[in-house]
Structures are given as structure tokens and as C-alpha cells.
Amino acid sequence: MVYILNIETATRNCSVSLAKNGETVLCKEIAELGYSHAEKLHVFIEEILNEASIKVQDLSAVAVSKGPGSYTGLRIGVSAAKGLSYALGIPLISIDTLQVLAKQVKGKSGKIIPMIDARRMEVYSATFDANHQYLKEVHAEVLTQNSYNDEDDVIYFVGDCQEKCQTVLTKDNFIFIPEIIFPSAHEMSEISFEKYKANIFEDVAYFEPFYLKDFLLNK
């Protein structure tokens with residue numbers, strides 16, 4: 001039995017899930033304007049383990065959303081994940097935040113572009129196919145009226161910057177999914193389990209969040 005604790009704190013959503021063999025058992029999360037990650041994260045971890053009747057020693061690995069995203073949020077999540085991994089002697093798994101966000105789009109054809117707000121008209125983005133495979137790696141970009149104009153496929157945009165995106169991304173094949181705003185630890189379960197089976201782990205001593213542009217501080 002493989003139990004993995006998944007931690008997602010890259011955005012306003014403080015999210016924790018417990019997965020058994022790649023399936024989410026429990027998930028707790030809250031998205032607040034004040035970024036309550038420091039107060040909520042360890043409470044959520046303790047509550048989930050208690051409710052699942054799982055001891056921390058039963059965990060096989062801990063997974064963390066590595067970014068890009070909020071500088072402060074990422075530091076809090078990664079610090080907690082590294083602490084648990086080191087103390088328990090279990091593997092540390094990192095997952096791309098934009099992949100976690102894209103995984104919420106299911107049963108669609110076309111392309112998926114998750115975006116995280118980076119202030120003004122800049123976003124962190126990546127492009128995935130309908131099976132959540134990378135077509136374009138994570139990068140920072142400034143959106144203009146010409147962005148993605150060469151794309152004829154249906155594109156599903158998700159993330160916390162949809163309102164500003166819609167002011168410049170106006171083609172008929174652009175679809176915005178307003179209910180998908182923040183990445184959730186629920187979607188990390190399958191990804192972390194696959195990485196666990198493939199022994200894709202991080203070095204706890206040297207792993208750092210993927211800030212992408214580390215001078216952009218928490219909003």
C-alpha cells in the first residue's frame with residue numbers, strides 16, 4: 001500500500017491531499033485572499049492523517065507542487081515537504097504546478113493552457129494536449145492581442161488570471177473555464193504515484209522551488 005501526502009501551496013489555495021495507490025482518499029483546501037498557508041497547512045496535514053486513521057510513519061512519500069507561483073506560498077509548502085521527507089526518511093516528489101492545474105480539465109479535445117497570474121499582463125503558462133502531455137514547457141509570457149493567434153485548435157484556458165486574459169484573448173476557439181482557478185492537491189495524487197513508481201525523486205538537501213522569476217514577490 002502506497003500512501004503519499006500531496007501539498008499544493010503555489011497559489012492562494014492552501015491544499016493538502018492523502019492518496020492511496022494514486023487515488024485521493026481525503027483532500028482539504030482553502031483559498032483566502034490573505035494567504036493563510038502558514039496557519040492552515042500543518043493543521044490540514046494533521047486533520048487528514050487523523051481522519052484517515054493513518055500515522056505519519058505510514059507515509060511512503062511526500063509530494064509538493066514546485067511552482068511557478070507565489071514566492072511565499074512555495075517556500076511554505078516546500079519547507080514543510082522537505083521537513084517531513086527528511087524526518088521520516090521517505091522520498092520527496094516534486095510536481096509542476098501548471099500540470100496540476102491542467103489536470104482539472106478532463107474529457108475535452110483540443111489544447112489546455114493553464115495560467116498563473118504574474119502581475120500586469122504577464123502570466124506563467126504551459127501548453128498541454130487533451131491527455132495532459134506537454135506541448136510547450138513552463139515559461140513566463142506577456143499576453144497581447146496577438147498571443148496564440150496562430151492556433152486553430154480549441155484552447156481551454158484555466159487559472160487565476162482569466163478576467164484579464166479575456167481582454168486580449170478573444171478568438172472564437174478560445175474557451176475559458178471560470179470554475180477552474182487554482183491548482184488542487186487532489187489532482188496531484190495520480191501524478192505523484194506515477195513518479196513514485198518510476199523512482200523520480202528529489203534530493204531533499206538541494207531541492208528548491210521553481211520560482212521561474214524569483215524577483216516577483218507574493219501578491
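All of the numbers you see were taken from the coordinates with simple rules; none came from a lab. Keep in mind the model is a prediction, meaning the values are calculated, not measured. Here the Cβ is made from the backbone with ideal geometry for all residues, glycine too, and neighbour counts use every protein chain on show.
Report the relative contact order of the chain, percent, no decimals, based on alpha-carbon pairs under 8 angstrom and at least 6 residues apart. So the answer I get is 25 percent.
Highest average first, the peptides 109-115, 23-29 ordered by how many other beta carbon atoms sit within 10 Å of their residues are 109-115, 23-29. Rounded to the nearest 20 debye, the dipole magnitude of region 99-176 is 240 debye, with +1 charges on Lys and Arg beta carbons, -1 on Asp and Glu beta carbons, and the Cα centre as origin. Classification of region 81-123 by its C-alpha gyration tensor yields an oblate form. The axis ratio a/c (a ≥ b ≥ c) is 1.5 or more, and b/c is at least a/b. Each of Gln145, Met1, Pro91 was scored by the projection of its Cα onto the charge dipole of the chain, and the greatest displacement toward the positive side belongs to Pro91; charges sit on the C-beta of Lys, Arg, Asp and Glu. Each Lys and Arg adds +1 at its Cβ and each Asp and Glu adds -1 at its Cβ; summed about the Cα centre, the chain shows a dipole of about 260 debye.
Each residue of region 38-45 was assigned a 3J(HN,Hα) from its phi angle through the Karplus curve 6.51 cos²θ - 1.76 cosθ + 1.60 (θ = phi - 60°); the sequence is 4, 7, 8, 4, 6, 5, 4, 4 Hz, with glycine and proline shown as x. The 3J(HN,Hα) values that the Karplus relation (6.51, -1.76, 1.60; θ = phi - 60°) gives for region 100-116 are, in residue order, 4, 5, 5, 5, 6, 8, 10, x, 10, 10, x, 10, 10, 10, x, 9, 10 Hz. Gly and Pro appear as x.
Mind jotting down the distance between the C-alpha centroids of region 1-62 and region 156-180, whole Å? Using only Cα atoms to place each centre, the spacing works out to 29 Å. Comparing Leu98, Leu41, Leu33 in a Gaussian network model of the chain, where Cα atoms under 10 Å apart are tied by springs, the biggest mean-square fluctuation is seen for Leu33. From its DSSP helices (H runs of at least four residues, each -39,500 (n - 2.57)), the chain gives a residue-normalised ellipticity at 222 nm of -7000 deg cm²/dmol.
Nearest 5 percent is fine: what portion of the DSSP beta bridges confined to the chain is antiparallel?
Working: 26 of 43 bridges.
Expressed as a percentage, antiparallel bridges in the chain total about 60.
Give me the percent of DSSP beta bridges within region 99-176 that run antiparallel, rounded to the nearest 5. Rounded to the nearest five, the antiparallel share is 60 percent. Remark: the Cα gyration tensor places region 1-141 in the prolate category, a/c being 1.5 or greater and a/b exceeding b/c.
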